[in-house]
Amino acid sequence: MLYTINNGRLELSADTFGAELHSLTLGGKQYLWQCGDAWKRYAPILFPFICSPKDRKYFAKGKEYTMKANHGFARDMEFEFTGQTENSLSFLLTENEESLAQYPYKFRLEVKYTIEDNSVLVENIVTNTNEDDMYFYLGAHPAFNCPLNSGESFEDCYVEFDEDEHITQKINDETHTLVEYDKTLDMTRALFDHDSIPLSYPNSKAVSLKSKKSDNYVRLEYPVSDCITIWSPTGDDRASFVCLEPWTSVPTFYDDDFSNLENKPNAIQLPAGEEYRYYYYIKLF
């Protein structure tokens with residue numbers, strides 16, 4: 001079920017299925033990709049994995065598990081709607097029979113969207129309801145329209161970091177430099193021929209999707225993320241969007257030398273009874 005909040009400038013809609021954002025408008029202009037044929041998502045939540053381990057298999061608590069889909073299961077589950085205020089929406093997911101078949105830990109995953117002026121605060125709070133430690137990855141996958149305005153093209157868009165970055169990409173075991181200590185990355189279809197572009201431990205704590213031909217843009221601030229990833233489908237002109245993805249760390253498969261989830265270097269280890277608050281901001285201009 002879809003719920004909406006509006007502060008007179010910014011309107012936000014989110015669904016109980018996946019607690020996923022479905023719409024984000026400022027002054028009536030839609031900034032969020034509207035789930036077209038090129039990608040049938042809007043802004044999924046990635047939990048308890050970012051991407052997948054090899055063959056979607058891993059060990060935890062001494063047993064082998066298989067994750068049914070990429071990026072974990074939260075994005076494909078019905079959340080409980082837990083509350084609405086004038087400027088916020090809240091959702092909750094807890095373990096169930098389907099999740100326990102893929103992932104042995106009990107949990108509470110609370111998702112909250114809060115709007116103020118032209119800004120959205122997105123909060124994901126994981127609480128460990130087990131009697132021992134739990135392990136997980138957590139991230140976001142929002143897709144923003146690119147271009148934002150009619151009469152512009154995908155190639156008119158670029159990503160701008162707050163600080164100079166050195167961005168590389170591995171292609172056939174060779175490392176290619178995409179950005180040599182600069183702030184901007186121009187959007188082209190060929191840029192994504194080899195999948196997404198993750199940047200681990202970036203110098204910047206914010207990134208913007210901008211156009212060379214207009215002043216409208218999206219800014220994403222990720223103060224507690226150790227990885228920011230840029231992605232759009234390659235070779236598909238219907239894919240008029242770019243994903244700006246803040247992640248807690250590099251994806252799960254980076255840790256495939258360790259098949260046991262408890263030993264994966266980038267997995268979050270959360271003690272029993274404690275909570276982990278992950279958040280980021282989306283600002284529209």
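Those residues that are touching a residue at least 24 places away in the same chain (Cβ under 8 Å) and either exposed (fewer than 15 other Cβ atoms within 10 Å of the Cβ) or touching a Lys or Arg at 6+ places or on another chain (Cβ under 9 Å) (or both), I need them from segment 62-72; list them, please. Give the derivation first.
Restricting attention to segment 62-72, the residues satisfying the condition of being touching a residue at least 24 places away in the same chain (Cβ under 8 Å) are 63, 65-68, 71-72.
Correct list: LYS63, TYR65, THR66, MET67, LYS68.
Do you know which residues across segment 108-136 are over 17 Å from GLU262 (Cα atoms) and either among the small types (Gly, Ala, Ser) or in contact with a helix residue (DSSP H, G or I) (Cβ under 7 Å, 6 or more places away or on another chain) (or both)?
Residues satisfying the conditions are LEU109, SER119.
Just to check your reading of the model, which residue among ARG41, ARG75 is in contact (Cβ under 8 Å) with a residue 40 or more places away in the chain, among the basic types (Lys, Arg), within 30 Å of LEU148 (Cα to Cα) and outside any loop (DSSP other than H, G, I, E, B)?
Unique residue meeting the criteria: ARG75.
I need the full set of residues from segment 138-177 which are polar (S, T, N, Q) and over 21 Å from the mean Cα position of the chain (by Cα), in order please. Working first, answer last.
Filtering segment 138-177 down to residues polar (S, T, N, Q) leaves 145, 149-150, 153, 168-169, 172, 175, 177.
Across segment 138-177, the qualifying residues are ASN149, SER150, SER153, ASN172, THR175, THR177.
Right, SER99: within 19 Å of ARG75 (Cβ to Cβ) and either hydroxyl-bearing (Ser, Thr, Tyr) or surrounded by fewer than 21 Cβ atoms within 10 Å (Cβ to Cβ) (or both) or not? Reasoning before the result, please.
Values: within 19 Å of ARG75 (Cβ to Cβ): yes; either hydroxyl-bearing (Ser, Thr, Tyr) or surrounded by fewer than 21 Cβ atoms within 10 Å (Cβ to Cβ) (or both): yes.
Spelling it out, SER99 is indeed within 19 Å of ARG75 (Cβ to Cβ) and either hydroxyl-bearing (Ser, Thr, Tyr) or surrounded by fewer than 21 Cβ atoms within 10 Å (Cβ to Cβ) (or both).
Output the number of the condition that THR229 fails; it satisfies all remaining conditions of (1) under 29 Å from ARG108 (Cβ atoms); (2) touching a strand residue (DSSP E or B) at 6+ places or on another chain (Cβ under 7 Å); (3) in a loop (DSSP other than H, G, I, E, B).
So the condition that THR229 fails would be (3).
Taking LEU261, is it out of contact with any Leu (no Cβ under 6 Å at 6 or more places or on another chain), surrounded by 15 or more Cβ atoms within 10 Å (Cβ to Cβ) and among the aliphatic types (A, V, I, L, M)?
On the way: out of contact with any Leu (no Cβ under 6 Å at 6 or more places or on another chain): yes; surrounded by 15 or more Cβ atoms within 10 Å (Cβ to Cβ): yes; among the aliphatic types (A, V, I, L, M): yes.
Here the answer is yes, as LEU261 does meet what is asked.
Residues of segment 252-268 being in contact with a Pro (Cβ under 8 Å, 6 or more places away or on another chain), in a loop (DSSP other than H, G, I, E, B) and either acidic (Asp, Glu) or over 10 Å from LYS54 (Cα atoms) (or both), which ones?
ASP256, PHE258 - these are the residues of segment 252-268 that are in contact with a Pro (Cβ under 8 Å, 6 or more places away or on another chain), in a loop (DSSP other than H, G, I, E, B) and either acidic (Asp, Glu) or over 10 Å from LYS54 (Cα atoms) (or both).
Within segment 232-248, is there a residue that is on the phi > 0 side of the Ramachandran plot, touching a helix residue (DSSP H, G or I) at 6+ places or on another chain (Cβ under 9 Å) and of a type outside the set (A, V, I, L, M)? Before the answer, list the steps.
The first filter runs over segment 232-248 and keeps only residues on the phi > 0 side of the Ramachandran plot, leaving 235.
Now drop any that are not touching a helix residue (DSSP H, G or I) at 6+ places or on another chain (Cβ under 9 Å), which leaves 235.
Restricting the remaining residues to those that are of a type outside the set (A, V, I, L, M) gives 235.
Yes, because at least one residue in segment 232-248 is on the phi > 0 side of the Ramachandran plot, touching a helix residue (DSSP H, G or I) at 6+ places or on another chain (Cβ under 9 Å) and of a type outside the set (A, V, I, L, M).
Mind listing whichever residues of segment 224-240 are more than 14 Å from the chain's Cα centre (by Cα) and not small (Gly, Ala, Ser)? Break it down stepwise before answering.
To start, the set of residues in segment 224-240 that are more than 14 Å from the chain's Cα centre (by Cα) comprises 233-240.
Once the filter is applied, which keeps residues that are more than 14 Å from the chain's Cα centre (by Cα) and not small (Gly, Ala, Ser), segment 224-240 yields PRO233, THR234, ASP236, ASP237, ARG238.
Name the residues in segment 172-190 that are free of Cβ contacts under 8 Å to residues at least 40 places away in the same chain and surrounded by 11 or more Cβ atoms within 10 Å (Cβ to Cβ), would you?
Taking segment 172-190 as the starting set, the residues that turn out to be free of Cβ contacts under 8 Å to residues at least 40 places away in the same chain are 172-184, 186, 188.
Of everything in segment 172-190, those that are free of Cβ contacts under 8 Å to residues at least 40 places away in the same chain and surrounded by 11 or more Cβ atoms within 10 Å (Cβ to Cβ) turn out to be HIS176, LEU178, VAL179, TYR181, ASP182, LYS183, THR184, ASP186, THR188.
Checking LEU191 against (1) out of contact with any Gly (no Cβ under 7 Å at 6 or more places or on another chain); (2) at pLDDT 95 or above, which test does it fail?
(2)
Test ASN87 against the stated conditions and say whether it is modelled with pLDDT of 95 or more, under 30 Å from ASP117 (Cβ atoms) and either surrounded by 14 or more Cβ atoms within 10 Å (Cβ to Cβ) or of a type in the set (Asp, Glu) (or both). Before the answer, list the steps.
Details: modelled with pLDDT of 95 or more: yes; under 30 Å from ASP117 (Cβ atoms): yes; either surrounded by 14 or more Cβ atoms within 10 Å (Cβ to Cβ) or of a type in the set (Asp, Glu) (or both): yes.
Here the answer is yes, as ASN87 does meet what is asked.
Looking at SER208 and the list (1) farther than 12 Å from TYR158 by Cα; (2) surrounded by 19 or more Cβ atoms within 10 Å (Cβ to Cβ); (3) not β-branched (Val, Ile, Thr), which single condition is not satisfied?
Evaluating SER208 over (1) farther than 12 Å from TYR158 by Cα; (2) surrounded by 19 or more Cβ atoms within 10 Å (Cβ to Cβ); (3) not β-branched (Val, Ile, Thr) leaves (1) as the failure.
Take the residues of segment 233-255 that are more than 19 Å from ASN70 (Cα to Cα) and of a type in the set (Asp, Glu): which is surrounded by the most Cβ atoms within 10 Å (Cβ to Cβ)?
ASP236
The values are calculated or read from the model by the stated rules, or taken from the named source; none is laboratory data. None of the values given here were measured: they were computed from a predicted structure. As a convention, Cβ positions derive from the backbone with ideal geometry for all residues, glycine included, and neighbour counts pool all protein chains shown.
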